[in-house]
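To keep things clear, I will list the structure first and then write my remarks on it.
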Amino acid sequence: MKIYINGQVADITLDSEKNLGEVLKSFELECAKNNATTINIVVDGTEVNADEFESYTERTIDSIDTLELTTITEDDVLLSFKDIATRFGEITEGLKLISVQFQNGQDKKALVTVTQLADNVDYFCKVTALSTLFPNKFADMNIDGVNIHDFFGDFLNVLAEFEDAIKNSDSVMLGDLAEYEITPRIESIITMIDSIE
């Protein structure tokens, strides 16, 4: 059985492991020592989903040609958060101009900022989900004293209003939402990320 970790052939010697479950258990123990965990498993080219996981663990090593594992570390998550903070900082600059851009017919410029906002909110949600794999480091995260789940429930309502304002070409509403609702929330996210040690 060939083992690949994050796309690279791994130099792993299997000792007493007889099935995939035992291999994965040994691998997770090593990951834990390095503040890492497995986020994806592919056996012979087929991604193993949660429903099939138990049946796959019983497969013998001899019956598997390739095992591909994707891992993520605590540091990877932290670096992703820091990357998001930088991106959000740039987006807040664009949000300040959005209302004027729509008023002046510079819709394309304004929509670039809107797309960046949407993409990076999605990116932040994905990284936040991954952060739950490392509760010792990230469990106590909150934004303005509110847990992230509740914060985003509120934020998504604001983003829905923002989307409606774009559809209705309401530049006044766009400006108000960008300046008084969205930018302060993004700045709060940046402050939260900056506080992670």
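The values are calculated or read from the model by the stated rules, or taken from the named source; none is laboratory data. Owing to the predicted nature of the structure, the values given are computational and were not obtained by experimental measurement. Reconstructed Cβ throughout: ideal geometry from the backbone, glycine too, with neighbour counts over all protein chains shown. The area values use the complete protein model at the heavy-atom level, side chains included, leaving out ligands, DNA and RNA. Shrake-Rupley method; radii C 1.70, N 1.55, O 1.52, S 1.80 Å.
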Output for Cβ contacts, cut-off 7 Å, separation at least six or different chains, first residue within 15 Å of Tyr123 (Cα to Cα) in the stretch 64-86, second among the hydroxyl-bearing types (Ser, Thr, Tyr) and assigned to a helix (DSSP H, G or I), reads Val77/Ser131; Ile84/Tyr123
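Residues in the stretch 25-33: is at least one farther than 30 Å from Val112 by Cβ, in contact with a Gly (Cβ under 7 Å, 6 or more places away or on another chain) and not in a strand (DSSP E or B)?
Quick first cut of the stretch 25-33, residues farther than 30 Å from Val112 by Cβ only: 25-33.
Those left that are additionally in contact with a Gly (Cβ under 7 Å, 6 or more places away or on another chain): none.
The answer is no; no qualifying residue exists.
Can you find, within the stretch 46-72, the residue that is farthest from Ile12 (Cα to Cα) among those that are part of a loop (DSSP other than H, G, I, E, B) and open to solvent by 60 Å² or more (accessible area, probe 1.4 Å)?
Pass one, the stretch 46-72, residues part of a loop (DSSP other than H, G, I, E, B): 48-52, 58-59, 64-65.
The next check asks that each one be open to solvent by 60 Å² or more (accessible area, probe 1.4 Å); those that pass are 49-52, 58-59, 65.
Working: Asn49: 24, Ala50: 25, Asp51: 27, Glu52: 25, Glu58: 20, Arg59: 18, Asp65: 14 Å.
Here the residue is Asp51.
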Quick one: which residue in Ser99, Ser80 is at pLDDT below 90, surrounded by 12 or more Cβ atoms within 10 Å (Cβ to Cβ), assigned to a helix (DSSP H, G or I) and not β-branched (Val, Ile, Thr)? Ser99
Find all pairs meeting these conditions: Cβ atoms under 8 angstrom apart; at least six residues apart or on different chains; first residue within the stretch 1-14 and closer than 16 Å to Thr71 by Cα and in a strand (DSSP E or B); second residue of a type in the set (Lys, Arg) and open to solvent by 100 Å² or more (accessible area, probe 1.4 Å). Val9/Lys2
Of all residues in the stretch 123-182 being without any contact (Cβ under 8 Å) to a residue 40 or more places away in the chain and of a type in the set (Lys, Arg), which is least open to solvent (accessible area, probe 1.4 Å)? Lys126
